[in-house]
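Contents: one structure, followed by commentary.
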Amino acid sequence: MTDSKYFTTTKKGEIFELKAELNSDKKEKKKEAVKKVIASMTVGKDVSALFPDVVNCMQTDNLELKKLVYLYLMNYAKSQPDMAIMAVNTFVKDCEDPNPLIRALAVRTMGCIRVDKITEYLCEPLRKCLKDEDPYVRKTAAVCVAKLHDINAQLVEDQGFLDTLKDLISDSNPMVVANAVAALSEIAESHPNSNLLDLNPQTINKLLTALNECTEWGQIFILDCLANYTPRDDRESQSICERVTPRLSHANSAVVLSAVKVLMKFMEMLPKDLDYYGTLLKKLAPPLVTLLSAEPELQYVALRNINLIVQRRPEILKHEMKVFFVKYNDPIYVKLEKLDIMIRLASQANIAQVLAELKEYATEVDVDFVRKAVRAIGRCAIKVEQSAERCVSTLLDLIQTKVNYVVQEAIVVIKDIFRKYPNKYESVIATLCENLDSLDEPEARAAMIWIVGEYAERIDNADELLESFLEGFHDESTQVQLQLLTGIVKLFLKKPTETQELVQQVLSLATQDSDNPDLRDRGYIYWRLLSTDPVAAKEVVLAEKPLISEETDLIEPTLLEELICHIGTLASVYHKPPSAFVEGSRGVQHKRLPGSAGSGESVDSPDTGSAAGVSEAPPAVIPSQGDLLGDLLNLDLTPPTTTGPPPPTSGMQMGAMDLLGGGLDSLMGDESEPPPIPLRTDTPQSPQLSHQSPSPPDYSPTELGGDLGGNPAMAAGFGAPPAVMPTSFNAPVSGGLDDLFDLGGGVGMPMGSYSPPKTVWLPAMKAKGLEISGTFARRSGVIQMEMTLTNKAMSVMTDFAIQFNRNSFGLAPAGPLQVLTPLSPNQSIEVSLPLNTVGPVMKMEPLNNLQVAVKNNIDVFYFSCQYPISMLFVEDGKMERQVFLATWKDIPNDNESQFQIKDCHLSSDAASNKLQGSNIFTIAKRTVEGQDMLYQSIKLTNGIWVLAELRVQAGNPNYTVSLKCRAPEVSQSVFQSYEAVLKN
Amino acid sequence: MIHSLFLINHTGDIFLEKHWKSVISRSVCDYFFEAKEKAGDPENVPPVLQTPHHYLITIYRGKLFLLSVIQTEVPPLFVIEFLHRVADTFQDYFGECSEGVIKDNVVTVYELLEEMLDNGFPLATESNVLKEMIKPPNILRSVVNTLTGSSNVGDTLPTGQLSNIPWRRAGVKYTNNEAYFDVIEEIDAILDKSGTTVFAEIQGVIEACVRLTGMPDLTLSFMNPRLLDDVSFHPCVRFKRWEAERVLSFIPPDGNFTLMTYHVSSQNLVAIPVYVKQSISFFESGSCGRLDITLGPKQTMGKMVEGLTVTIHMPKTVLSANLTATQGNYTYDLATKVLVWDIGKLNPQKLPNLKGSLSVQAGAPKPEENPSLNIGLKIQQLAISGLKVSRLDMYGEKYKPFKGVKYVTKAGKFQVRT
């Protein structure tokens, strides 16, 4: 007899029949009927119509029947709240039952019924159950507090359940302790700043004792909780580590990983010369390796975490390379992760093995995997110098296979190898050129063009090669177009005589026929450089490039530290801080690793974030394609600057900007005699450029050629500016920045403050026929409340007046509501009401809530609406850079909150422009690893300053905004404005 | 914590859903279906997916997807472990974890899920505890239940729930007291073209079947515990004693359980029991290829190698295989392009060989990839690592139990590259 019988339907109508059976006198028949109902429910059928009949079966002494009815109740109570109340009595009675199983079941089920009326009745039984003599009931009640908190947080606090829950941490039963910890952790997640889990040495001791005795799941909760504790000194740290280590041998991989997290974190505090430190390192390797023999899903999560661990402490797994070798039947997601870790672990000692493996992988079936393997070979070459030669020859072998995607991938990595070891492997260029025609992917084409341009002097037919690309210029992707432009300019500077036509062609293609501002601007800059001073152009464009460094895609040290604190969580799988993506956890506290015992760096230094990032000279990284600024000058990076206090904007990009602003100006200004600039009528005048310099001069190739050939005086005169540029970036910075932003602004963006579309504030049926819809706008510094009043009643309306309740920012009408003519039926009128901010202030919930009363000849009507807080951003909200820096540091980190804006497809400059329209001012910008960071300031009408950091990753439509403000409660609304402005 | 669970079959139908908090619409699974579509092979669906409001964590077991929906930051391993535990429990209760049996036992399944998780927190996941609360179905009981009107649901608090040993119930009684231990070792290895070992390790597990009356306290010791440096234990094992004396001391759960898993990775300790001589080649023209495989014994420690199989995933363009096997049979599945050669016992005097031609789709280019060989094998009465149990002692009870230890070695992920 199987349950599938419950699915058979009869002709007469299932519900009808079930109803009859539920009301049967026979117990057995009743139970069978409830089972049928449950079976239907599990497959998603709607059986809510049977609610009263099922609830009638609840009063029974048959436990199975009772449980079944409870199952039903939990599912449907929400849709039938009035009916659910019928069940309350039985629940309350069951909470007094002598059988602890029934008491627990009742309190557990009640917590699952998400109906307000029921939760009221839940409080008393819950209070009793929390103090029940039976630990089974107590542990169930502990979880119930978390449930209740989810439904009605205020009630839980008012009733003092949180304190009772905290007391349970000291319970004698380890299971109760574990559940109390779990419940508190869950509650704490929605209250980031409440000090719910107040950890002190006594509670830690209790937790450690419970850890040994509770179930595997309880151990996970306790370990995760322990990881939040910061030990007082290295001795306490060591003693906790000692008590946690046995968990590494647990069969449950989640327990193992949580234990690894605790150990990784507390290890930071141990002095490195301690014997125990070494022992601990040794103990960490075997459990991590064991995780890799588990099911593939577990392996995946483990590998993502190992990726972090390897970056933080490579020594742990340095001898375990082989376990990461890819097996033929690993799922693709495991293969890709293993490959990543193999490269991280690659060293001189094991490179031979690794290369042999990678070569093997490059002949596999899966395209993604093969590509990654080829790329990995290139990374090995860059990482382990001794292996470079072997890597290059392996790559050449692969190119010989002529498999299209392998060839393209190989060319991309060979480009990087050239940049790491210049003048060493250029002999392979000939082989690369043979494959020119087969390249159809932008990245590979761009790489090839870069190679041709960079080594133009060694490639006899470089001009032909580049010319062949030029034919389809407009069909190429931006990446290729930019490379082609730079490549041809390089070629021109190297072989000026034969290539004048080519360079002219590409410059006009880029500047006149392209809609892409990046391309156009780059074209103009080259054009101007070439026409004003070819020698300087040569020095800039052909400047010696710094070598790229070994490690690519390393996680930023501060982020890595934070992620190490989150080992085993979703954050560790996504390699993003939890605040970046976990919904509902507003302003999650950023976790930091505790400082090591010896080091003087204190943990609570508020600015470790940006300071560490810059002053430790982050490893130079191959820039992604989005890093246009750096690329523009072929200065993919400048040497790490160590001068002065680390500003939030790194020196690197500032150098580049200065070059454009100050450097270029001086290039122009230094001309003793302004060159005659015949204005070409057919050159499109770009207004955004004109303030900076004259429009592109008509340049004549012959003149240029002559200049290049022999004008030593010019060369001497212009040798200086480029040499100065990387060092002095402080003074002219803002000028350069402004220019750049203005440049970007010319794309044709409508300026002006963002105003949301009108929404209905007061529906006609609530206001005797008066309908009000409206919105807010800020026009030339004045806040306007714009309303459409519609008369949907039968009679004429007159005598309108308006009043506001006290509100958070003191908004008040600056004048009376101007509705002069009576409003006849079916007529609408548009009214604009100017507002000021000198009214009485009272904090509202939400902050931007506004309660309004509107009166007319019929009655007084009330409604509330929410204004976008961006209405309150004033025009003089641009902070000085130095002030910004100081303020940013000064505001405690607790006040920082992070938000994510999804699906925004603007470039950082366009975003900055848009925001500026709403009085969100960009003060500085820097680019790190293809990520643009905009630093912005906002001032509210009441003088509150909000500082923001907007992070934009090229190609990623998700932006991250971090807001810092002395009044953190405004952050949420400010963020909403950001989202609204950017998305409209 | 875990919010909801959806069970989905491999064709993409949701056939069961369970919510532990509020109800989440099953449309959330669309993101999963999208990913499944993209991955092609069900094995390749990424286990952690991000959707605008939720996270989906999935496992794939026995042609079923168990998909859990979570909303807050939860350790993903915790979720995955739990899902596997759910699948294990179904297996334990119904003999297998498949769509058929779950549909046949849908109410029991629902009751189990309710018992295993409360508000997303695991409640009772030990098979012993669950079985006391919800009796597994069997024919006899359902007959008895129908006659007497009694139920499958226990109405007393399970004894294991709160004790320090939640894995064992009180009052266990047997007429025959017995304890069996199976030491099972799997060899994971990658051999390259020339037969050199690229990578090899042993995954070992000790499965136990203990039916002992009362509260026995067992101690299992090994002849050579030094072999084991990387172990993970069932919660019942006392870790302190292992650290100090290298013995396994524990009060066992009742019935079947995994006592420990271990792994031995030092290369020199891993014996490779067979060697493979192979050549698979495709010709540039003529749309055909040749295949020639011979297997022979290598380090078998004097034992018989049984259940020998060779599985090859052929390139997509291979249409058919015309081969002769000196021993066993071969099959070539046209749809999946998998060649399986089932050999059976390995006779050292007469080595099995498979030889012949492969026909490739006309006009198709020479396949780029080299197919790997997956070897399956079994050796009875041998733990290839050399691990040996020396004795099993019982304390706490007076009777004399019957004890037994069995060893077996198998091929795990054993692959030969060509």
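The values are calculated or read from the model by the stated rules, or taken from the named source; none is laboratory data. Keep in mind that what you see is a predicted model, and the values were worked out from it rather than measured. All Cβ positions, glycine included, derive from the backbone under ideal geometry; neighbour counts span all protein chains shown. With ligands, DNA and RNA removed, areas are computed over all heavy atoms of the protein, side chains included. Shrake-Rupley method; radii C 1.70, N 1.55, O 1.52, S 1.80 Å.
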**Complete:** B:Cys29 passes all but one of the listed conditions (1) in a loop (DSSP other than H, G, I, E, B); (2) within 27 Å of A:Trp217 (Cα to Cα); the exception is number (1)
**Asked** Scanning region B:226-257 for residues that are closer than 30 Å to B:Ile375 by Cβ and surrounded by fewer than 17 Cβ atoms within 10 Å (Cβ to Cβ), which turns out modelled with the lowest pLDDT?
**Response** B:Asp229
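Condition check ((1) more than 20 Å from the chain's Cα centre (by Cα); (2) within 22 Å of A:Ala571 (Cβ to Cβ); (3) outside the structural domain of B:Thr125 (by the TED database)) across all residues:
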site: B:Asp13; (1), (2), (3): yes, no, no
site: B:Arg26; (1), (2), (3): yes, no, no
site: B:Asn44; (1), (2), (3): no, no, no
site: B:Leu56; (1), (2), (3): yes, yes, no
site: B:Leu67; (1), (2), (3): no, yes, no
site: B:Ile80; (1), (2), (3): no, yes, no
**Message:** Yes or no: region B:10-26 includes at least one residue that is more than 10 Å from chain A (Cβ to nearest Cβ), at pLDDT below 90 and surrounded by 16 or more Cβ atoms within 10 Å (Cβ to Cβ).
**Reply:** yes
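So that you can scan it fast, the table gives a plain yes or no per residue for (1) within 9 Å of chain B (Cβ to nearest Cβ); (2) over 30 Å from A:Glu337 (Cβ atoms):
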position	(1), (2)
A:Leu199	no, yes
A:Lys206	no, yes
A:Arg232	no, yes
A:Leu248	yes, no
A:Val256	yes, no
A:Lys272	no, no
A:Leu280	no, no
A:Pro287	yes, no
**Fill in**
For region A:846-873, pairs from a residue that is more than 28 Å from A:Glu969 (Cβ to Cβ) to a residue that is open to solvent by 10 Å² or more (accessible area, probe 1.4 Å) and charged (D, E, K, R), with Cβ under 8 Å and 6 or more apart or across chains, are A:Lys855/A:Asp799; A:Asn856/A:Asp799; A:Asn857/A:Asp799; A:Ile858/A:Lys768; A:Asp859/A:Lys768; A:Phe861/A:Lys766; A:Phe861/A:Lys768; A:Phe861/A:Lys855
**Prompt:** Is it the case that B:Ser4 is part of a strand (DSSP E or B), at pLDDT 90 or above, in contact with an Asp or Glu (Cβ under 7 Å, 6 or more places away or on another chain) and more than 10 Å from chain A (Cβ to nearest Cβ)?
**Reply:** yes
**Item:** Tally of residues being more than 22 Å from A:Val946 (Cβ to Cβ) and touching a Gly at 6+ places or on another chain (Cβ under 6 Å) across region A:844-881
**Value:** 0
**Qualifying positions in region B:374-398 - surrounded by fewer than 14 Cβ atoms within 10 Å (Cβ to Cβ) and at pLDDT below 90** = B:Gly396, B:Lys398
**Request:** Sort out which residues of region B:54-92 are closer than 18 Å to A:Lys576 by Cβ, open to solvent by 10 Å² or more (accessible area, probe 1.4 Å) and either without any contact (Cβ under 8 Å) to a residue 24 or more places away in the chain or touching a Leu at 6+ places or on another chain (Cβ under 6 Å) (or both), and write them in order of number.
**Result:** B:Glu73, B:Pro75
**Message:** Among the residues of region A:442-476, what is the count of those that are open to solvent by 40 Å² or more (accessible area, probe 1.4 Å) and hydroxyl-bearing (Ser, Thr, Tyr)?
**Reply:** 1
**Complete:** For region A:363-391, the count of residues that are open to solvent by 10 Å² or more (accessible area, probe 1.4 Å), closer than 27 Å to B:Lys316 by Cα and modelled with pLDDT of 85 or more equals 5
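To keep it simple, each residue is scored yes or no on (1) open to solvent by less than 30 Å² (accessible area, probe 1.4 Å); (2) farther than 26 Å from A:Ser870 by Cβ; (3) part of a strand (DSSP E or B).
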| site | (1), (2), (3) |
| --- | --- |
| A:Met765 | no, yes, no |
| A:Lys768 | no, yes, no |
| A:Ser773 | yes, no, yes |
| A:Phe776 | yes, no, yes |
| A:Met785 | yes, no, yes |
| A:Thr790 | yes, yes, yes |
| A:Met794 | no, yes, no |
**Request:** Pick out the one residue from B:Thr294, B:Thr213 that is polar (S, T, N, Q) and under 30 Å from B:Pro365 (Cα atoms).
**Result:** B:Thr294
**Prompt:** Restricting the search to region A:149-197, which residues are open to solvent by 60 Å² or more (accessible area, probe 1.4 Å), part of a loop (DSSP other than H, G, I, E, B) and hydroxyl-bearing (Ser, Thr, Tyr)?
**Reply:** A:Ser170, A:Ser172
**Prompt:** Out of A:Gln512, A:Gln479, A:Gln504, which single residue is farther than 24 Å from A:Leu906 by Cα, open to solvent by 30 Å² or more (accessible area, probe 1.4 Å), in contact (Cβ under 8 Å) with a residue 60 or more places away in the chain and not hydroxyl-bearing (Ser, Thr, Tyr)?
**Reply:** A:Gln504
**Fill in**
Checked region B:213-223 for anything crowded, with 19+ Cβ neighbours inside 10 Å and over 13 Å from B:Phe181 (Cβ atoms); matches are B:Pro216
**Which numbered condition B:Asn322 fails, given (1) closer than 21 Å to A:Asn329 by Cα; (2) touching a strand residue (DSSP E or B) at 6+ places or on another chain (Cβ under 6 Å); (3) without any contact (Cβ under 8 Å) to a residue 40 or more places away in the chain** = (1)
**Prompt:** Would it be correct to say that A:Val55 is away from chain B (no Cβ under 14 Å), open to solvent by less than 50 Å² (accessible area, probe 1.4 Å) and out of contact with any Asp or Glu (no Cβ under 6 Å at 6 or more places or on another chain)?
**Reply:** yes
**Message:** Go through (1) farther than 29 Å from B:His234 by Cα; (2) within 13 Å of chain B (Cβ to nearest Cβ) for A:Lys128 and report which single condition fails.
**Reply:** (2)
**Request:** Could you tell me which of the residues A:Ala188, A:Ala153, A:Ala210 is in contact (Cβ under 8 Å) with a residue 24 or more places away in the chain, aliphatic (A, V, I, L, M) and within 12 Å of chain B (Cβ to nearest Cβ)?
**Result:** A:Ala210
**Prompt:** Hey, does region A:301-315 have a residue that's touching a residue at least 60 places away in the same chain (Cβ under 8 Å), closer than 22 Å to B:Pro42 by Cβ, open to solvent by 10 Å² or more (accessible area, probe 1.4 Å) and at the interface with chain B (Cβ under 10 Å from one of its Cβ atoms)?
**Reply:** yes
**Fill in**
Only unsatisfied item for A:Ala910, checking (1) touching a helix residue (DSSP H, G or I) at 6+ places or on another chain (Cβ under 6 Å); (2) assigned to a helix (DSSP H, G or I), is (1)
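With the condition being at negative phi, among the hydrophobic types (A, V, I, L, M, F, W, C) and over 26 Å from the mean Cα position of the chain (by Cα), I'd like the strands (runs of 3 or more DSSP E) fully within region A:799-905 carrying at least 2 qualifying residues.
By residue number, A:801-804, A:828-836, A:849-855, A:860-866.
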**Restricting region A:392-410 to residues that are of a type in the set (Val, Ile, Thr) and more than 12 Å from A:Arg371 (Cα to Cα), the residue that is farthest from the other protein chains (Cβ to nearest Cβ)** = A:Val392
**Prompt:** What helices (runs of 4 or more DSSP H), lying completely within region A:357-455, carry at least 1 residues that are aromatic (Phe, Trp, Tyr) and farther than 21 Å from A:Leu491 by Cα?
**Reply:** A:367-383, A:404-420
